[in-house]
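Bear in mind these aren't lab numbers, they're just calculated from the coordinates by the rules spelled out. Quantities reported herein were computed from a predicted structural model and do not represent experimental measurements. Reconstructed Cβ throughout: ideal geometry from the backbone, glycine too, with neighbour counts over all protein chains shown.
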Amino acid sequence: MSTHTISVRLENKPGALARVSQLFSRRGYNIQSLAVGPTERPDISRLTLRVDCSEHSLEQIEKQMHKLVNVLRVTELRPDESIERELALITVAVPAERRAEIVALSQVAGARVADIGRDAITFELVGRPDQVEAFEELVRPYGVRDLVRTGRVGLRRPSAGGRTAPTVQV
Amino acid sequence: MLGSDAILRALELEGVDVAFGIPGGAILPTYDAIARGTSVRHVLARHEQGAGHMAEGYARASGKVGVAIATSGPGATNLVTPIADAWMDSTPLVCITGQVRSSLIGTDAFQEIDATGITMPIVKHSWLVQDIEELPGVMKAAFHVARTGRQGPVLVDVAKDVQEAAFDFVYPDAVDLPGWKPPHKVHPKQLREAARAIAVAQRPIIYAGGGVQNADACVELLELVNSAQLPAVVTLMGKGCLPDSHRLNYGAPGMHGSKYANWALNKADLVIAVGSRFDDRVTGKLSAFAPGAKVIHFDIDAAEVGKIRAAEIPVVGPLKLALAQLAAEVRAVAADGAPDRSAWLRQLEDWRERFPFRYERSDGTLKPQTAIEALRDLAATREEDVIWTTGVGQHQMWAMQYIQCEKPRSFITSGELGTMGYGLPAAIGAKAARPDATVVCIDGDGCFQMTCQDLATASLERLPIVAVVINNGWLGMVRQWQEMFYDERYAQTHLTHAVPNYAQLAEAYGCAGFTVENEDELESALAAAFASGRSAVVDVRCDPEEKCFPMIPAGAAAVDTIEAPGGEVVVA
């Protein structure tokens, strides 16, 4: 078992996302994260899925997804060939006297202050998934009151050369 | 034109000559369009499940897309079983359901159900049509998706107001489905590799499945078998794709397949899977299945290749093309000298002679196998084609073992979903597709009672079929498992031979009814049923204790075959 990132170009049609997520639950694959949003074309969405599975299951997932009428393209994003980013919003409990300390810390970690309340601060961080995790760990001792992560999105690096062929050829 | 008329024009343009269904509130406008006139014959079923299985029987007998029509809510949910059945057996089906008005969708209105949601895991695709302008394109796409690639069911759910709306109907020439790209050619390198593997194999066996019939590739398979002299086993779903009388056809493998078919796979050094998918009812214990064999896997569906059993040589593409090209490649390779496989063919022949299907006749009771053999012999005397359908259970396995099919699309059964009640409505659908053929449903008493209300359909729509109820008074296959694996605790499986009285039930529906209590009455009753000119039910009261053998218990291997009592025990 290992974790894989799969990128799916999907027709922007009613029910299209449900068909993909249904396929995962029905065949017993576990989705760690799923991010979906528009692409350069309004009629196409892109899904970035993070799944924990064997190589054999990954091949099955890709082949089964390809049979969905709304799925245009399925690609595995390999870590060395792709850029992956995630956005996190984290509300941390901070008494007024420790504000300066944690804000300085967050700046070092590349986070920004999104909102400041009387006894809490919400940070926003955009970065590689491991950076997001590191920041989360960093502020955890202060007391994380609320946290949301978008799940990773990714694209193949242009510097990795050529347009990727779809993982499954049809 | 109204949306309802557009649905029928689309059916006509897609070449549909028969559709099966039942009207109801949300589909009423479309039935009103039927009243206004169409070349599509509508067969009125008595239950939507029956309509769906009829459409399946029609599709399997004809090779065309089957069409079932139902209303919203319970109409749609009653179609779920046939949709699932068509999904599991790759039967092309377009199901059209009415949906409540667009303004009511999402409000839990009367007879509103999320039909596309409920069926999502068991359709190739589905559409909820809420805009009249989309309707022609959706109908075109529905038929295209159902019949291309690996065949299967689709659902078109049409809001009532769309059926009532007026618009300018233009049927598109092409589909707009950028994500639907089933393979249409075969990789030549893979074919060459396959041919080379076949050329060096000492003990090859073709393992042909239902995909061969779906792809209309039976002629190509026969040509390959003949030209390369390759022996074959044929699954339940594939039955008929090679003539059962063909010397190199070793019949069905699997749980109740023959010992020789299972051993052929078990001892092969090359398994050539063609439109088959290593189903657990065929393989048994996977690690012990064809343990010494390399696998070539031909399939239209890339997801089947390597799903259960790794394929050394995967060949994805349309089977008709693939098999024709493979035969040519094999001929080219064999020009360098064909291997001598006479020892392997002799071995297979020896197993076939030593381990035929068999059962013990007894004086007192009528054995179900005797009834099926009598049917087979009667069918052999007929000039017209005979098409068989079955339910699911012991009678189905005996039909697989004893019925002789010489032509494709002549054995229609619920293979993978195992839908009891499939046989009778499927027979009615097959008869609608092939009025020239005699259609015989071999059914069990448990199965028959699940859908027998459609005897009314057979009767009134003048689609005469012969239903032979192998009546052992029990849910026979379940009883067999209870006897063998549950210490003879027969929980809730006794149905009785006598209730209902099947012959009287048949008469009540306007069909001919016959009761057979012993072997002497068998032949004359079957002959009378065939000759009756109307639908007939033959109640064949059989030995309740007869079990279906050979049997490889679930999860066991071919070498663990349980034989019929008194058989020769030999370990291959």
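Here is how the numbers come out for the structure above:
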| read-out | value |
| --- | --- |
| Rounded tilt (10° steps) of A:16-26 against the dominant C-alpha axis of chain A | 90 |
| Sequence ranges B:161-169, B:141-149, B:43-51, ranked by mean other-Cβ count within 10 angstrom, highest first | B:43-51, B:141-149, B:161-169 |
| Loop-located trypsin sites (Lys or Arg not before Pro) in region B:320-380, at most 15 other Cβ atoms within 10 Å (DSSP) | B:358, B:361 |
| Residues of region B:14-47 with amide N under 16 Å of the 7 Å Cα→Cβ point at residue B:110 | B:24-29 |
| Residue among A:7, A:113, A:51 farthest towards the positive dipole end of chain A, charges placed on Cβ | A:7 |
| Given charges at Cβ of Lys, Arg, Asp, Glu: chain A dipole, positive-most of A:61, A:92, A:142 | A:61 |
| Length added when fully stretched, residue A:12-residue A:87, from 0.36 nm per residue minus Cα-Cα | 24.7 nm |
| Highest-first arrangement of B:63-73, B:240-250, where packing means the average Cβ count within 10 Å | B:63-73, B:240-250 |
| Reachable aspartates and glutamates, given that their alpha-carbon falls under 19 Å from the alpha-carbon of residue B:285 and they are not under 8 places away in the same chain | B:269, B:304, B:416, B:560, B:563 |
| Spacing of the two label points (7 Å from each Cα toward its C-beta) at residue B:564 and residue B:181, in nm | 5.3 |
| Simple Cβ-charge dipole of region B:355-451, Lys/Arg +1 and Asp/Glu -1, about Cα centre, in debye nearest 20 | 120 |
| Given A:63/B:307; B:189/B:294; A:67/B:239; B:185/B:407; B:124/B:320, the pairs whose alpha carbons are separated by over 19 Å | A:67/B:239; B:185/B:407; B:124/B:320 |
| Shape call, region B:188-354: gyration tensor on alpha carbons, a/c limit 1.5 | rounded |
| Number of partner chain Cβ atoms within 10 Å, mean per residue of B:176-182 | 6 |
| Region A:83-153, dipole about Cα centre (Lys/Arg Cβ +1, Asp/Glu Cβ -1), debye to the nearest 20 | 100 |
| Cβ charges +1 (Lys, Arg) and -1 (Asp, Glu), total dipole of the protein assembly as shown, debye | 2020 |
| Candidate aspartates and glutamates for bridging to residue B:181, where Cα separation is under 12 Å - those fewer than 8 sequence places away on the same chain excluded | B:301 |
| Cα gyration tensor shape for the protein assembly as shown, rounded if a/c is under 1.5, else prolate or oblate | prolate |
| Given charges at Cβ of Lys, Arg, Asp, Glu: chain B dipole, positive-most of B:347, B:137, B:257 | B:347 |
| Beta bridge orientation in the protein assembly as shown: antiparallel %, DSSP, nearest 5 | 40 |
| Three-way shape call for chain B based on the alpha-carbon gyration tensor, with the a/c threshold at 1.5 | oblate |
